[in-house]
There are 2 protein chains.
Amino acid sequence: MSRSAKLGALKIGIAGLGTVGASTVKLLHQHADMLAERCGRPIRVTAVSARDRSRDRGIDLAGIAWHADAMALAGDPEVEVVVELIGGSDGIAKNLVEAAIAAGKHVVTANKALLARHGTAIARAAEDAGIALGYEAAVAGGIPIIKALREGLAGNRIQRVYGILNGTCNYILTTMRQTGREFADVLAEAQKLGYAEADPSFDVDGVDAAHKLAILTSVAFGCEVNFAGVHVEGIRHVSATDIAFAEELGYRIKLLGIARRAENGIELRVHPTLIPERRLIANVDGAMNAVLVLGDAVGPTLYYGAGAGAEPTASAVVADLVDVTRLHTADPHHRVPHLAFQPDQMSDTPILPMEEVRTAYYLRLHAFDRPGVLADITRILADCEISIDAMVQKEPAEGDELVNIILLTHITVEKNINAAITKIEALDSVSGKVMRIRLEELAAK
Amino acid sequence: MSRSAKLGALKIGIAGLGTVGASTVKLLHQHADMLAERCGRPIRVTAVSARDRSRDRGIDLAGIAWHADAMALAGDPEVEVVVELIGGSDGIAKNLVEAAIAAGKHVVTANKALLARHGTAIARAAEDAGIALGYEAAVAGGIPIIKALREGLAGNRIQRVYGILNGTCNYILTTMRQTGREFADVLAEAQKLGYAEADPSFDVDGVDAAHKLAILTSVAFGCEVNFAGVHVEGIRHVSATDIAFAEELGYRIKLLGIARRAENGIELRVHPTLIPERRLIANVDGAMNAVLVLGDAVGPTLYYGAGAGAEPTASAVVADLVDVTRLHTADPHHRVPHLAFQPDQMSDTPILPMEEVRTAYYLRLHAFDRPGVLADITRILADCEISIDAMVQKEPAEGDELVNIILLTHITVEKNINAAITKIEALDSVSGKVMRIRLEELAAK
């Protein structure tokens, strides 16, 4: 009997079907099998709540209970976990989370404003009720930074946290640097492209970053969530002039959330910050987020990824739900599986032989500088169905009659390159072995 | 009554007291209070085993049982978790892990060779015995990458993993690029500095990286640990010439471990790789490690930190032990606390007022180009006890009689800068407001 049969499905109710809610439903549906293979039990959406039932969200809600009032999720006996994706620091989101905790239901939320303002009380209530409170999605989107701080770095006394926590600001500052344009101009463009809201103040004045920093600081330092204690400055006053001068001096300007243990207390601040361009975090560009953590044992570690967006945020929500599937029992078979998937659900996907690997190549060869050499080489590559991305011939060193020829290829299959190299090395005009180094563009997708 | 009293100490036995073992003992001792505040129970070293009892390791072993034979840890009733830090893919390390599992003891190990070669069988045995198997320390040192893949990204079908997994190789390649020197020369220096072993083949021929890649691939894709399936090439043949040519073309050369889902199987390979220099992972320099993961929902995420070293590795070992403290019971009070520390153990460290924050500053001011302006400004800064790191005066734009003066200060306290800015703005020769942007060097420590 499969271990998956031991516990039934984890039943979840989702409040809020905006882009994150819809993506969460999609992800749970699309990866239903994989999640069961990880958790040893399925995760099933049993109920949802949103304002407009008729809207087409591109998701199938057949067989899922619909509650016009989100608060009904807290009372639904078919819901074990309430996923709060409504947003807002007060009102319905707060009422729902409190009601869910009171009803003994686990809570997963992406609501940074709620936790920044009421996180200590909500966490305390959840501890008292013995329920799970997952909020990975509330900070830095899909980056598992809460888990890293709360668990992965648990052996450290955390000294400092530096975060690029708002994608809109980072997009604007990156574009200002790359184009030399001013804030207002780039903001207007970001609004057109959907990277900034019509009312951008929540992002560009640093409030959103401060929400996330308040949460991170509590988890890093074990203190209460203190949004009111964060000094907040946004990026409206950063000029193209300052970005250009900073760059001349070797610095980039980023909106940074900073939490630092000092002698007499904790520094807690969000403001534009010059960072040396040689630091990894200074090179986090566009709408991406990153968090640099300094622990006393591990030293610096950095976590980078998409800080917003429907799918990355849904990724974090689902990770929290997977954690909840592992809390219900002391049964070791419902813990985190050692190799990530249940032992009876391991994949047997084969390893490809090296000849079948697909990648691009850097080739360097030593050739006599004679007419026809390049023609011979390009002919061989064409015959092997390899297309050339770039070719450079280097002048020989003095007294050397051999030139270095460097070729970058587009992606091809390794066996074709092997064949081409054999033929190239057989040319009279080529001396010795061809140097071959594989090349990966690491494009986002 | 404190919740800490609910369960007694977690009792651990450590096999192997090299630098990692000694650091683990130190870290557990130094952070005993903090760990109890996180876990709700202490973690206590009850037994150790190493070859030489007389050696001074800078740690206090009073009150800790000493076993001359590591195998005795598996039979010690005062040991609940066996921490295997002996190393080696077979022999005593393997025997001890197997005996510990058979005895129903949890296992934490930093042993990449063991898991690369026997990981599937060991994980299976541990699952069957219902015990925990922690091996965060086996891959990428202190970076919590196993936790990220196994838990934090559990909502994703992982598509690709790219890792800089060997610090020695990355140090050598970085130094070769920065200095233009050849492999043999830089290796010899790395050996002198302790960055490379006397017999470097395990590192520079890619075997160590392949061990780690084999483990990562299993956790990422849910397949068996398949070290034999990894195509391995090291960095001995990478020349200064190729590094320089790659750089001219906009690429860096890194020893990369690559696991990629392809159409018909998994690509699994370790080899020198050209990467566009604009990618974040191309800028991971020196002995640091990084892992870039592509998930289908979250997109690209990257994890960076120290991949080796006694303290970073001990950080990962302790994180695994903290996880074990949370497995012993279904009691919700021994789960991961929502705000990282037990609710009755929250710190009340105050938030510093902004005036007390210490940082460096970029100041830009608009001044009339008259004799004595710089003297006035530097006098004010000196009076406010602010020392200057750099000062640049920019020629005025045509028709403008004002010049931009840019100052970078060393670290000072915010109230001093406030006072200085007020005085500078009061100068007749200075026009308008002083632009102030804070500056953080983000040095490693």
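Which residues' amide hydrogens lie under 5 Å from the amide hydrogen of B:Ala65, considering only partners 5 or more residues apart or on another chain, with H built in the peptide plane?
Residues meeting the amide H criterion: B:Ala47, B:Val48.
Which order do peptides A:399-410, B:158-169, A:236-247, A:366-377 fall in by mean Cβ count within 10 Å, highest first?
The most tightly packed comes first, giving B:158-169, A:236-247, A:399-410, A:366-377.
Distance from the Cα centre of the stretch A:289-304 to that of the stretch B:94-172, in angstrom?
21 Å
How many percent of all Cα-Cα pairs in the stretch B:354-439 sit more than 17 Å apart?
Working: 1531 of 3655 pairs.
The proportion of pairs with Cα distances above 17 Å equals 42 percent.
Mind checking A:215-223 for the average number of partner chain beta-carbons within 10 Å of each residue's beta-carbon?
Whole-number average of other-chain Cβ neighbours for A:215-223 is 5.
Estimate the FRET efficiency between B:Ile388 and A:Glu197 by the formula 1/(1 + (r/R0)^6), using the beta-carbon distance for r and 51 Å for R0, to the nearest 0.05.
On the way: r = 40 Å, r/R0 = 0.79.
After rounding to 0.05, the efficiency reads 0.80.
Starting at 0 and stepping by 10 Å, how many percent of the alpha carbon pairs of the stretch A:145-307 end up in each bin?
Calculated P(r), rounded to whole percents: 11, 41, 34, 13, 1.
What does the average come to when, for each residue of peptide B:320-327, you count the partner chain Cβ atoms lying within 10 Å of its Cβ? List each step's numbers first, then the result.
Working: counts 4, 2, 6, 5, 0, 1, 4, 5.
Per residue, the number of nearby Cβ atoms from other chains is 3 on average.
From Cα pairs below 8 angstrom and at least 6 apart in sequence, can you work out the relative contact order of chain B, rounded to a whole percent?
15 percent
At a threshold of 8 angstrom on Cα-Cα distance, excluding pairs fewer than six apart, so keeping six or more, what relative contact order does the stretch A:190-273 reach in percent?
29 percent
Evaluate peptide A:126-138: per residue, the Cβ atoms of other protein chains within 10 Å of its Cβ; return the mean as an integer. All intermediate terms of the calculation are to be shown ahead of the outcome.
Details: counts 5, 10, 3, 1, 5, 3, 4, 4, 2, 1, 3, 0, 0.
Shielding by partners across A:126-138 averages 3.
How charged is the neighbourhood of B:Tyr195? Take every other residue with its Cβ under 10 Å from the Cβ of B:Tyr195, and add Lys/Arg as +1 and Asp/Glu as -1.
Taking every Cβ under 10 Å from that of B:Tyr195, the sum is -2.
Over chain B, with a Gaussian network built from C-alpha contacts below 10 Å, which listed residue (B:Tyr304, B:Tyr362, B:Tyr135) shows the highest mean-square fluctuation?
Among B:Tyr304, B:Tyr362, B:Tyr135, the largest mean-square fluctuation in the Gaussian network model of chain B belongs to B:Tyr362.
Explain nothing, just compute: Karplus ³J(HN,Hα) = 6.51 cos²θ - 1.76 cosθ + 1.60, θ = phi - 60°, for every residue of the stretch B:70-82 in order, whole Hz, x for Gly and Pro.
4, 4, 5, 4, 5, x, 6, x, 8, 10, 9, 10, 9
So, with +1 on the Cβ of K and R and -1 on the Cβ of D and E, and no other charges, what is the size of the charge dipole of chain A about its Cα centre, to the nearest 20 debye?
Details: 45 positive and 56 negative charges, 194 e Å.
Dipole size: approximately 940 debye.
Fewest to most neighbouring Cβ within 10 Å: what's the order for B:Arg117, A:Arg157? List each step's numbers first, then the result.
Details: B:Arg117 20, A:Arg157 16.
With the sparsest Cβ surroundings first, the list reads A:Arg157, B:Arg117.
Determine the dipole magnitude for the protein assembly as shown: charges of +1 sit on the beta-carbon of Lys and Arg, -1 on that of Asp and Glu, nothing else is charged, the reference point is the Cα centre, and the result goes in debye to the nearest 20.
1720 debye
For the protein assembly as shown, what is Rg from Cα atoms divided by 2.2 N^0.38 Å, rounded to two decimals?
Output field value: 0.98.
Taking a point 7 Å out from Cα toward Cβ as the label site, list the nm distances between A:Ser89 and the same residue in every other copy, smallest first.
5.6
Near the amide H of B:Leu439, under 5 Å away, which other amide H atoms are found, from residues 5 or more places off or on another chain, if H is placed in the peptide plane?
For B:Leu439, whose amide H was placed from the backbone, the distant partners under 5 Å are A:Leu274, B:Ala360, B:Tyr361, B:Tyr362.
Taking chain B as a Gaussian network, Cα atoms linked when under 10 Å apart, which of B:Thr273, B:Thr313, B:Thr359 shows the biggest mean-square fluctuation?
Largest GNM mean-square fluctuation: B:Thr359.
Order of B:Val392, B:Val291 from fewest to most other C-beta atoms within 10 Å?
Details: B:Val392 13, B:Val291 28.
Starting with the residue having the fewest Cβ neighbours, the order is B:Val392, B:Val291.
Springs between alpha-carbon atoms under 10 Å, Gaussian network over chain A: tell me which of A:Val79, A:Val219, A:Val434 tops the mean-square fluctuations.
A:Val434
Between copies, how close do the A:Asp56 label points come, placed 7 Å along Cα→Cβ, listed in nm from shortest?
Nearest to farthest, the other copies are at 7.9 nm.
List, shortest first and in nm to one decimal, how far the label point of B:Ala32 (7 Å from Cα along Cα→Cβ) is from its counterparts in the other copies.
5.3
Going by how many other beta carbons lie within 10 Å of each one, how would you line up A:Met435, B:Met71, fewest first? Please list the in-between numbers first.
Working: A:Met435 19, B:Met71 14.
Fewest to most other Cβ atoms nearby, the residues stand as B:Met71, A:Met435.
Positive end of the charge dipole of the stretch A:145-307 (Lys, Arg +1 and Asp, Glu -1 on Cβ, about the Cα centre): tell me which of A:Tyr171, A:Leu280, A:Gly206 has its Cα farthest that way.
A:Leu280
FYI, it's all coordinate maths here, none of it is from the lab. Computed from a predicted model, the values in this text were never measured in an experiment. Note that each Cβ is placed from the backbone with ideal geometry, even for glycine, and that neighbours are counted across all protein chains shown.
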